[in-house]
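Beneath this line is the structure, given in structure tokens, with notes to follow.
The values are calculated or read from the model by the stated rules, or taken from the named source; none is laboratory data. Computed from a prediction, not measured in an experiment: that's the story for all the values here. Ideal geometry is used to build each Cβ from the backbone, glycine not excepted, and the neighbour counts take in all protein chains shown.
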């Protein structure tokens with residue numbers, strides 16, 4: 001297994017694997033935020049999926065005219081994408097950790113290391 005390389009953050013900190021997925025209190029904060037505003041009524045899977053797509057497009061906006069987008073702009077837009085993704089997962093009765101691990105298991109089968117290492121070819125082209 002290739003060792004995980006920590007991500008260097010702009011403030012000099014590093015982001016390690018155990019900090020990559022959400023702390024359970026994040027879900028509690030999101031739920032409280034939504035409940036206080038009575039917004040759950042609008043959080044259908046369709047609306048949340050649309051919101052993810054819209055926010056994902058906005059994630060590209062800081063890069064529109066420069067490859068050197070400000071980290072703060074990227075983080076704000078990424079937070080919006082993740083917020084809607086977490087809300088959709090909760091609406092579907094699951095959590096991002098489970099979704100990612102399940103999908104990763106399927107992707108491992110499609111992209112065996114001996115065939116996919118170092119190439120960006122699609123699985124049917126390996």
| message | Let me confirm something: among 69, 32, which residue is part of a helix (DSSP H, G or I), over 15 Å from the mean Cα position of the chain (by Cα), modelled with pLDDT of 90 or more and more than 30 Å from residue 116 (Cα to Cα)? | response | 32
| query | If you go through the stretch 85-101 one residue at a time, do you hit one that is modelled with pLDDT under 90, touching a strand residue (DSSP E or B) at 6+ places or on another chain (Cβ under 7 Å) and under 30 Å from residue 123 (Cβ atoms)? | reply | no
